[in-house]
1. Asp238: net charge of surrounding residues, Cβ under 11 Å, Lys/Arg +1, Asp/Glu -1, itself excluded?
2. Name the residue farthest towards the positive end of the dipole of the chain from the options Ile70, Leu178, Trp145, assuming +1 on Cβ of Lys and Arg, -1 on Cβ of Asp and Glu, about the Cα centre.
3. What fraction of the Cα pairs in the stretch 134-257, stated in percent, has a spacing above 23 angstrom?
4. With all pairs of different alpha carbon atoms counted, what Kirkwood hydrodynamic radius in Å does the chain show?
5. At most 10 other Cβ atoms within 10 Å and a DSSP loop assignment: could you name the GluC sites (Glu not before Pro) in the stretch 101-161 that fit?
6. Quick one: net charge of Ala170's neighbours, Cβ under 14 Å, K/R +1, D/E -1?
7. Charges only on Cβ, +1 for Lys and Arg, -1 for Asp and Glu: so what's the dipole of the chain about the Cα centre, in debye to the nearest 20?
8. Tell me whether the stretch 108-168 comes out rounded, prolate or oblate; compute the Cα gyration tensor, take square roots of the eigenvalues as a ≥ b ≥ c, and use a/c under 1.5 as the rounded threshold.
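What follows draws every value from the coordinates through simple rules; no lab data is involved. The shown structure was predicted, so the numbers you read here are calculated from the model rather than taken from an experiment. Using ideal geometry, Cβ is built from the backbone for each residue, glycine included, and neighbour counts are taken over all protein chains shown.
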Amino acid sequence: MSTTPAESDRNDPRGGTPSWIAALHARANQPPQRPREPLAIGANGVALIGSIEPQLARTIAAAGLPMHAIGGGWRIAEPADESLARLARWLDDNRLGSRWRNELLAVTDLRGERLASIERAAVRPLGITTHAVHLVGWTPDGALWVQQRAHDKSTDPGLWDTTMGGLVTAGESIAATLARETEEEAGLAVDALEAVTPAGRITIRRPVSDGYMVEHIEIFEAVVPHGFEPVNRDGEVDRFEALAPADLIARLQADAFTLEAALILVEALRRRCLLEPATDLDPSRR
């Protein structure tokens, strides 16, 4: 095990987990900062798709948009795609969402069944669950490829990230997202990687600047063979580095990574017995 004495001194007394890792898990499972009410769609039955702050919901309804109060929550009128498009445009016009991307994401119910689509910029104000894919790329020598996010990105600019991470777009499969994002962000073909393996899922639930984030992240690991190096193609990455585990741990402890990447990389190190085993302090893995 590569844990240093300084690291082990910062263990959490509840279970032997280093306090910096316990803090990551706590940050990944936070309630909203302000009260939110359920948000649903459906004409006959009602399917829960997210949550919304009551004052925002009342403002939307008062503006004549297709949202109505129902028993302690709010319902978006059918047809869902059309109504969600109107809501997204209104949120953008009032600067209540993130940067407009012209990118549709799936709107799903609690079972993950796709019900509609919505512009990516509008998901957080409406508490809509997003689905993402991340790739942890190892070198054959046991280092990990990580990327520094571009400094002009709207979310977490300049922080470090996994080899690749991206959202699943509407109508896209997990496998298709893995292939597309790996090519766009890292310039690598999935078929050229070795030992591509599903490595589980984590879920993030936390407040963000434009609303509330609920995101399911599917994790994959692979080996980037000798002779291949990640090269960004979409302008969203400043640079890549291959870090030895000890250097990666030091950078994780310095809080240089996005929250999502830090959780994913901690689990990757644990799987290779380079960090303490997981404990029940990790709600993001449930």
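1. Local charge sum for Asp238: -1.
2. Ile70
3. Counting every Cα pair in the stretch 134-257, those more than 23 Å apart make up 30 percent.
4. One over the average 1/r among Cα pairs gives 20.1 Å for the chain.
5. Working: sites: Glu103, Glu113, Glu119; in loops: Glu103, Glu113.
When the GluC sites (Glu not before Pro) of the stretch 101-161 are filtered for loop state and at most 10 Cβ neighbours within 10 Å, Glu113 remain.
6. Taking every Cβ under 14 Å from that of Ala170, the sum is -1.
7. Dipole about the Cα centre, nearest 20: 1040 debye.
8. Values: a/c = 4.05, a/b = 1.69, b/c = 2.39.
Taking the square roots of the gyration eigenvalues as a ≥ b ≥ c, the stretch 108-168 is oblate.
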